[in-house]
Structure formats: C-alpha cells, structure tokens
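**Q** Have a look at this one before I ask anything.
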Amino acid sequence: MILRTPRLVLREFTADDWAATHAYQQDPRYLRFYDRDGVTERQAQAIVYTFILWQGEQPRAKAQLAVTLADTGELIGNVGLRRDTADDPVADMGYELAPAHWGHGYATEAARAMIDLGFGEWGVERIHAHCVADNEASARVLRKAGLRQEACLRDHQWFKDQYWDVLIFGMTRADWSPSAEREGGG
Ligand SMILES: CC(C)(COP(=O)(O)OP(=O)(O)OC[C@H]1O[C@@H](n2cnc3c(N)ncnc32)[C@H](O)[C@@H]1OP(=O)(O)O)[C@@H](O)C(=O)NCCC(=O)NCCS
C-alpha cells in the first residue's frame, strides 16, 4: 500500500526503518505524553516488525504506514488505521512525528489520507482516536482532520507521577468528504 499527499508519501515499513523510528522516539519532546521514558533498539525493531506483520494479514485489518517526505524520502514518523478484523466497521487512528518536523501540517495531511482510506477503500462507518487532553497539538490535528470530541475521560491514565484526562474523538461517514473533493481536486 502506498498513499500520496501533496507533500508526503505514506509507504509500507521495511525492517531497516527501525533506526529512524528509534532516533526520534528517544526525544523528550516526543515522550512528553507517553507512559514511557524511551524505547530500546530491540523494542523499536519489534514495533517495526509488528507493522510489517500487519502488511501480510489476509484480509488486511490494519495499516501502520511510514510517513516520508515526498521530496527527500526521509522517514519522519508514522500513521496508522487499525480495525480488529477486516470486516469491522470501526477503525482506530494514531500518528506520531519526529519533533524536528512538527508544526508544518504534516500530521494533519497524513491523518486526512488515512481517513480517506478508511471511509473510501476500507468502507468503515466510523473512525476514532484518543489523546491525552494536555496534548493540544494532537487534539488540534484531530479537529482539523474532521473528528469531533465525543468525551473526556477524567483521570483515565496514570504515568509520569500524575493522572491524565484522555479525550475521545470520533468521525462517522456522514462527517466525511474526501480530501481531494474538499481541496478542489487533485
Ligand atoms: C501530535 C503531533 C503528531 C502533531 O504533529 P504536527 O506535524 O505538529 O501537526 P500539525 O502541524 O498537522 O498540526 C498541529 C496543530 O497543533 C497546533 N499546536 C501545536 N502545539 C500546540 C500547543 N502546545 N497548544 C495548542 N496548539 C498547538 C499547531 O499550531 C497546529 O495547528 P494549526 O495548524 O491550527 O496552527 C506531534 O506533536 C507528535 O508527533 N507528538 C508526539 C506523538 C504524539 O503525541 N502522537 C499523538 C498521540 S495521541
């Protein structure tokens, strides 16, 4: 699977992508809203291996794609759409980018492509996502991509010595118009 957006190529992971993934997953800015202090090289390899295993599912229920810059091919993060089974009408979305590439709209661009995949080729009826309420950049990405906040789960997670509220966002087929249509073609 390969998805192209104006500035990005979302492509399948390959085994040697673990190093670029591991590099940014150590960054304290990246880790701020996660319940861990980093990942080992072996853990990064295992994460990438899981994404590669998902590629071989028949029929395919999950896609976690490498986010790469169309101009240079540099891997800058990943974005995923996951269903429990391939006939599940509900998909969960997630994304992450290397901090060096934040603030350019790339996460929103990648999320919109996955939403188009979900409601388009996959035919799901609902896409949802969650984020820590303090993760304002992530909440903003979800809103810009067309999801609506549906709930706030108060004190839902405990990590880094504090409780965190978690926001639930959702979007149904009725909320969706394909990106190309919204942007006037292309
Ligand atoms: C969440 C994440 C992917 C956003 O990436 P990004 O490329 O900066 O996202 P975008 O540029 O598409 O959009 C970010 C939006 O949030 C806004 N934003 C960024 N930091 C913010 C903050 N602290 N408070 C409020 N808004 C903020 C930006 O201004 C932008 O909105 P705008 O286009 O209206 O100006 C990135 O911060 C990340 O990888 N974080 C670590 C991993 C993570 O948290 N993943 C999500 C788990 S739920």
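The values are calculated or read from the model by the stated rules, or taken from the named source; none is laboratory data. Treat the numbers as computed from the prediction; the structure is a model and nothing was measured. Every residue, glycine among them, receives a Cβ derived from its backbone with ideal geometry; neighbour counts consider all protein chains shown.
**Q** Do you know which residues across region 144-177 are under 22 Å from residue 106 (Cα atoms) and in contact with a Lys or Arg (Cβ under 9 Å, 6 or more places away or on another chain)?
**A** Filtering region 144-177 for residues under 22 Å from residue 106 (Cα atoms) gives 144-149, 167-171, 175-177.
Scanning region 144-177 gives 144, 145, 146, 149, 169, 170, 171, 175.
**Q** Go through the residues of region 42-53 one by one and say whether even a single one is at negative phi, charged (D, E, K, R) and surrounded by 12 or more Cβ atoms within 10 Å (Cβ to Cβ).
**A** In the first step, residues of region 42-53 are kept if they are at negative phi; the result is 42-53.
Filter once more, keeping what is charged (D, E, K, R): 42.
So of that shortlist, the ones also surrounded by 12 or more Cβ atoms within 10 Å (Cβ to Cβ) come out as none.
Looking through region 42-53, none of the residues is at negative phi, charged (D, E, K, R) and surrounded by 12 or more Cβ atoms within 10 Å (Cβ to Cβ).
**Q** A follow-up question, please. Being modelled with pLDDT of 95 or more, on the phi < 0 side of the Ramachandran plot and within 14 Å of the ligand (Cβ to nearest atom) is the requirement here; does residue 121 meet it? Break it down into steps so the answer makes sense when it comes.
**A** Values: modelled with pLDDT of 95 or more: yes; on the phi < 0 side of the Ramachandran plot: yes; within 14 Å of the ligand (Cβ to nearest atom): no.
The answer is no for residue 121.
**Q** For a quick check of your reading of the model, give me the residue pairs whose first member lies in region 13-36 and is in contact (Cβ under 8 Å) with a residue 60 or more places away in the chain, whose second is part of a loop (DSSP other than H, G, I, E, B) and within 12 Å of the ligand (Cβ to nearest atom), with beta-carbon atoms closer than 6 Å and at least 6 apart or on different chains.
**A** Partner pairs satisfying both residue conditions: 24/98; 33/135.
**Q** Out of all the residues in region 152-167, which are surrounded by 13 or more Cβ atoms within 10 Å (Cβ to Cβ) and either touching a strand residue (DSSP E or B) at 6+ places or on another chain (Cβ under 9 Å) or modelled with pLDDT under 95 (or both)? Show your work before the answer.
**A** From region 152-167, those surrounded by 13 or more Cβ atoms within 10 Å (Cβ to Cβ) are 153, 156-157, 159-160, 164-167; that's our starting set.
Listed by number, the residues that qualify are 153, 156, 157, 164, 165, 166, 167.
**Q** Further question: Select from region 124-139 the residues that are touching a residue at least 40 places away in the same chain (Cβ under 8 Å) and more than 6 Å from the ligand (Cβ to nearest atom) and list them in ascending order. Full working, then the answer.
**A** Taking region 124-139 first, the residues touching a residue at least 40 places away in the same chain (Cβ under 8 Å) are 124-129, 131-132, 134-135, 138.
Result: 124, 125, 126, 127, 128, 129, 132, 134.
**Q** Which ranges mark the helices (runs of 4 or more DSSP H) fully within region 1-118 that have 1 or more residues being closer than 23 Å to residue 147 by Cβ?
**A** Numbers: elements: 18-25, 28-31, 41-55.
Fully inside region 1-118 and qualifying: 28-31, 41-55.
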